[in-house]
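What follows is one structure encoded as structure tokens, with my remarks underneath.
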Amino acid sequence: MIKLAHIDKTYNPNTVNETKLFTDFNLEVKDNEFVSIIGSNGSGKTTLLNMICGSIPIDNGEILINGESINKLSEFRRYKRIGRVYQNPAMGTCANMTILENMSLADNKGKIFDLKWGTNKKRIKFYKEQLAQLNLGLEDKLGVKVGLLSGGQRQAMALLMSTMTPIDILILDEHTAALDPKTAEIIMALTDKIVREKNLTTIMVTHNLMYALEYGSRLIMMHEGNAIMDIEGDEKRSVVVDDILDIFNRISIERGN
Amino acid sequence: MALVLSVLEQGFIYTILALGVYITYKILDFPDLTVDSSFPLGAAVCAVMIKAGINPYITLPVSFAAGGIAGLATGLIHVKFKVRDLLSGIITMTILYSINLHITGSQANMPIFSDDNIFTLSPFADKLGKYNKVAVIFIIMLICKILMDLYLKTKSGYLLRAVGDNDTVVTVLAKDKGIVKIIGLVIANALVALAGCVMCQDQRFFEISMGTGTIVIGLASVIIGTNVFGKLSFIKTTTSVIIGSVIYKACVAIAIWMGLAAIDMKLITGALFLVILVLSNFRKAGVDND
């Protein structure tokens, strides 16, 4: 379970560019929930993810994972419990290392990186099985450098790598946005499969309204630092893309665009 | 023949320092100028110990450790004080100049001509005769290369490669990328100081300015090696660094043999580096056009 309590976040405080994004913002994501977050640019979606991961500091409030405050933990320490896939497929893998080396790195998350062999030969069979479920033929290319793979292949690997070891929360940061529509479909289906199989608590930010409706158990729409829509269960299932577009249009008119 | 031997001797010494520069420049993508002072640091430590009558073979690990401390300093300045990479190296380099003089007791020049060294005490000094020196240097260089190859295949080595490749991956693996960078700088400067130690015993004197241009020699060797031979998949990168160092040293030797004076040494060093950079840029442009 992850909880954000009374979060304040202001960009460029005490300057002409001061932007108050969050004021007393609260959010609670229960275990095994798959939350999709949508919203226009500047609505605070990405800031929200970055605050959880510690990439940017919060001004006030508290962030808790399973009841424990993670406020004081630096970014890298928070990732002991968090897996993250970025929008840019290049961010989640090491281009100059082989598929096998990347898988070995991910497999060692949470353990010590000492002077033992980087790749445990006994685990190769497991890596091959994991890669085989992607249906991209990567299991036969273990010695190939990841930089030679396509964006979709790299993103599939990033997804696999970020969920290989036990984590409390999976963060998906517009992870299909840089892919072509067909590859995006494949990655999204794969995401859903992995999240279900591992019962992961997931927060996904997306610009794709279809994905936000089709996948996940809960839908949140952000606008100017507030969750202006928060639905789940039957209510979420009854919503169609047009409903959401209506709300988007209304917001735009209110802002005078 | 004497020329070939001297090229190989110096080339293999340069290899040791080039292996260090390979870690910072190629793996970490960190332009580390510390090496211009960690190279003479190794030499200073070596000269003082030999003058004190300590077994010359002990100077090797001690110089190695001294260089590691220099790398640690640069790493801490960069990671903990958040000083830019280039400037961190320059700060350590500048400070080390004074420290090197302190080590030698204010002597800018310290001859060790009449003392025993790793070459005179080598177990095959009599058997190999004039090949003794090159054999000893080759063995030290080979040990460094093999240890580095092995290290880069360990979990810690994987993390080092990952941090230069894409440090986000290291953060997401819940590891502190700063510490990984520091480890890389420690190993790199340890190797550079070791090279300085061997060089000091090879030329049989320490001289405070012997480090000037070390970074250029290291970079030139790495770039020749990785650009010319790095594309061949059956050659390990560390092996290509060995070849690069020897080729570089050979080019310098040829320039001197063709009549350039010894005072033109740094001129050759710099100009040759420029040529290498320009050629490798052309080569890259050619690849891009394919």
**OP:** Could you please find all residues in the stretch B:159-205 being over 28 Å from B:G11 (Cβ atoms), in a helix (DSSP H, G or I) and of a type in the set (D, E)?
**Re:** B:D165, B:D167
Original post:
Which condition breaks for A:N26 when tested against (1) farther than 22 Å from A:V195 by Cα; (2) in contact (Cβ under 8 Å) with a residue 24 or more places away in the chain?
Top reply: (2)
**OP:** Keeping to the stretch B:42-77, report how many residues are farther than 13 Å from B:A188 by Cβ and assigned to a helix (DSSP H, G or I).
**Re:** 21
Original post:
Which members of the stretch A:21-74 meet the condition of being more than 14 Å from chain B (Cβ to nearest Cβ) and on the phi > 0 side of the Ramachandran plot?
Top reply: A:D24, A:N32, A:G39, A:G42, A:G44, A:G61, A:N66, A:G67
**OP:** Go through the stretch A:112-125 and count every residue that is more than 8 Å from every other protein chain (Cβ to nearest Cβ) and open to solvent by 60 Å² or more (accessible area, probe 1.4 Å).
**Re:** 5
Original post:
Based on what the data block shows, is A:D168 surrounded by fewer than 21 Cβ atoms within 10 Å (Cβ to Cβ) and within 14 Å of chain B (Cβ to nearest Cβ)?
Top reply: yes
**OP:** Check the stretch A:142-162 and report whether any residue there is closer than 13 Å to A:V85 by Cα, part of a loop (DSSP other than H, G, I, E, B), within 14 Å of chain B (Cβ to nearest Cβ) and not aromatic (F, W, Y).
**Re:** no
**OP:** Collect the residues in the stretch A:164-213 that are within 11 Å of the chain's Cα centre (by Cα) and assigned to a loop (DSSP other than H, G, I, E, B), keeping them in residue-number order.
**Re:** A:E174, A:H175, A:T176, A:T206
**OP:** Report yes if some residue within the stretch B:84-97 is within 20 Å of B:L219 (Cβ to Cβ), surrounded by fewer than 22 Cβ atoms within 10 Å (Cβ to Cβ) and touching a Phe, Trp or Tyr at 6+ places or on another chain (Cβ under 7 Å); otherwise report no.
**Re:** yes
Subject >> the stretch B:147-171, subset more than 7 Å from every other protein chain (Cβ to nearest Cβ) and closer than 21 Å to A:D173 by Cα, residue surrounded by the most Cβ atoms within 10 Å (Cβ to Cβ) >> reply: B:V170
Original post:
Considering only residues of the stretch A:94-111 that are within 7 Å of chain B (Cβ to nearest Cβ) and of a type outside the set (G, A, S), which is surrounded by the fewest Cβ atoms within 10 Å (Cβ to Cβ)?
Top reply: A:N96
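With respect to B:A135, determine if the residue is modelled with pLDDT of 95 or more, of a type in the set (G, A, S) and not in a loop (DSSP other than H, G, I, E, B).
When the stated conditions are applied, B:A135 passes them.
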**OP:** For the stretch A:155-164, name all the residues that are in contact (Cβ under 8 Å) with a residue 60 or more places away in the chain and either over 13 Å from A:E197 (Cα atoms) or open to solvent by 10 Å² or more (accessible area, probe 1.4 Å) (or both).
**Re:** A:Q155, A:M157, A:A158, A:L159, A:M161, A:S162, A:M164
**OP:** Residues being within 14 Å of B:L159 (Cα to Cα) and either open to solvent by less than 10 Å² (accessible area, probe 1.4 Å) or more than 14 Å from chain A (Cβ to nearest Cβ) (or both): count how many of those fall in the stretch B:183-204.
**Re:** 2
**OP:** Could you tell me which residue of the stretch B:229-247 is most open to solvent (accessible area, probe 1.4 Å), considering only residues that are out of contact with any helix residue (DSSP H, G or I) (no Cβ under 7 Å at 6 or more places or on another chain) and free of Cβ contacts under 8 Å to residues at least 60 places away in the same chain?
**Re:** B:F234
Original post:
Which one is nearest to A:L49 (Cα to Cα), of the residues in the stretch A:75-91 that are facing chain B (nearest Cβ under 7 Å) and buried (at least 24 other Cβ atoms within 10 Å of the Cβ)?
Top reply: A:R84
Original post:
Looking at this structure, is A:A212 at pLDDT below 95, surrounded by 20 or more Cβ atoms within 10 Å (Cβ to Cβ) and closer than 30 Å to A:E68 by Cβ?
Top reply: yes
Original post:
Of these, B:A52, B:A65, B:A2, which one is hydrophobic (A, V, I, L, M, F, W, C) and open to solvent by less than 60 Å² (accessible area, probe 1.4 Å)?
Top reply: B:A65
Original post:
Do we have any residue at all in the stretch B:173-182 that's in contact with a helix residue (DSSP H, G or I) (Cβ under 6 Å, 6 or more places away or on another chain), of a type outside the set (D, E, K, R), more than 30 Å from A:R81 (Cβ to Cβ) and open to solvent by less than 20 Å² (accessible area, probe 1.4 Å)?
Top reply: no
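The values are calculated or read from the model by the stated rules, or taken from the named source; none is laboratory data. Quick caveat, the model's predicted, so the values are computed rather than measured. In this analysis, Cβ positions are derived from the backbone assuming ideal geometry, glycine residues included, and neighbour counts consider all displayed protein chains. Quick note on the areas: whole protein, heavy atoms, side chains included, nothing else; ligands and nucleic acids left out. Shrake-Rupley method; radii C 1.70, N 1.55, O 1.52, S 1.80 Å.
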